[in-house]
1. Looking only at the stretch 26-44, count every residue that is surrounded by 17 or more Cβ atoms within 10 Å (Cβ to Cβ) and more than 13 Å from residue 393 (Cβ to Cβ) and tell me the total.
2. Return yes or no: is residue 187 closer than 30 Å to residue 47 by Cβ and in the same structural domain as residue 51 (by TED's automatic domain parsing)?
3. How about the stretch 249-260: which of its residues are part of a loop (DSSP other than H, G, I, E, B) and in contact with a strand residue (DSSP E or B) (Cβ under 6 Å, 6 or more places away or on another chain)?
4. Taking into account only those residues within the stretch 111-120 that are touching a residue at least 24 places away in the same chain (Cβ under 8 Å) and surrounded by fewer than 21 Cβ atoms within 10 Å (Cβ to Cβ), which is nearest to residue 226 (Cα to Cα)?
5. Does the stretch 94-115 contain at least one residue that is within 24 Å of residue 202 (Cβ to Cβ) and assigned to a helix (DSSP H, G or I)?
6. Could you list all residues from the stretch 123-153 that are assigned to a loop (DSSP other than H, G, I, E, B) and surrounded by fewer than 14 Cβ atoms within 10 Å (Cβ to Cβ)?
7. Tell me, yes or no, whether the stretch 22-29 has at least one residue that is more than 16 Å from residue 209 (Cα to Cα) and without any contact (Cβ under 8 Å) to a residue 24 or more places away in the chain.
């Protein structure tokens, strides 16, 4: 799977894309208080998605409050002065819609999808939830228990267990080393005062954006947003930035045993952040190596040698850092042979490069993913909001243009630069213990 990233190539350097660009026909406006609003009219059906984005996530939390962004996400649907606990979701459901939220490393998002005739009502509900949360101590206590159970649940999932430990192994300084949910011992101690203070510091117009996509006229959407969110008070947006990660100077490895039925192998290599000039080449390299049944690793390790049950490659790309991840599931007896075969495939690309048809296929797969993301109003909202949080929603189209500009030699150079032994971290999770 390729995780969307940005490359600074101009449109003149590549062929024209054979479809409408995602960021085209988006109206952008800043409200008087500094809040950014993006509106895109699309009419696949009479539905609309309203998403509110805040540029705060786990990488902006110091170690003493790690997990607080995720905790606040849980609390913002837990009642306001005019809507008791449960009423927010109940009202949206009664209108035929659904409401949810998520927290990531760098941002937090809340979204509603519902029939467009209820757009104004839904916006009012969303504004009330985000601007007037109660932070009731009893609800905080209940939600703390829910979050701690969520943290424990992730530890019971082998994939989450391996991913979190790979991040903790690969990163020593950068806050990406910690899970987004935080640690149980930290979440257990977060106070009501800390939650409210963090909320007031970062849920301010200059640190937020609203994205509206669907069956709604631009003029009406902007008017409703001004009425619902325009009175939010401005505030300072000074983030606690993560420390930089120094270059890795040697291979790292860790092995665990647990109550699982098969073995898991995760390996990661540091790459640049989203704005790195190598990122598009790294994305395509990940696709060629491990995306889909025709990828090199799947064909070599699963189809030909039957060493693994599954194997994939992807990139986790943050604004200032990234990790090229290969993950596989296999029988314990095949761990060493699988490690050797993965290494051989990497060496082949470093020595011989990739074939023209492989690069073309990888670009086609990325383009297909890009097109499919436009099939729903929710998908459009997520793409536009994600890139707006990075810095500019138009970067979503520059990313695709950048991918089309990548050459075979650039993919080979990326493999030589990043997929090297001193830059590798490995986690193995085995049955038993």
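1. Here the count works out to 4.
2. So residue 187 fails the test.
3. Across the stretch 249-260, the qualifying residues are 251, 260.
4. 120
5. No, the stretch 94-115 has no match at all.
6. 132
7. Yes: the stretch 22-29 contains one or more residues that are more than 16 Å from residue 209 (Cα to Cα) and without any contact (Cβ under 8 Å) to a residue 24 or more places away in the chain.
Residue by residue, here is whether (1) closer than 23 Å to residue 167 by Cβ; (2) part of a loop (DSSP other than H, G, I, E, B); (3) within 24 Å of the chain's Cα centre (by Cα) holds:
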| residue | (1), (2), (3) |
| --- | --- |
| 277 | no, yes, yes |
| 285 | yes, no, yes |
| 299 | no, no, no |
| 303 | no, no, no |
| 311 | yes, no, yes |
| 333 | no, no, no |
| 341 | no, no, no |
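The values are calculated or read from the model by the stated rules, or taken from the named source; none is laboratory data. Keep in mind it's a predicted model, so treat the numbers as computed, not measured. Don't worry about glycine lacking a Cβ; one is built from the backbone with ideal geometry, like all the others, and counts go over all protein chains shown.
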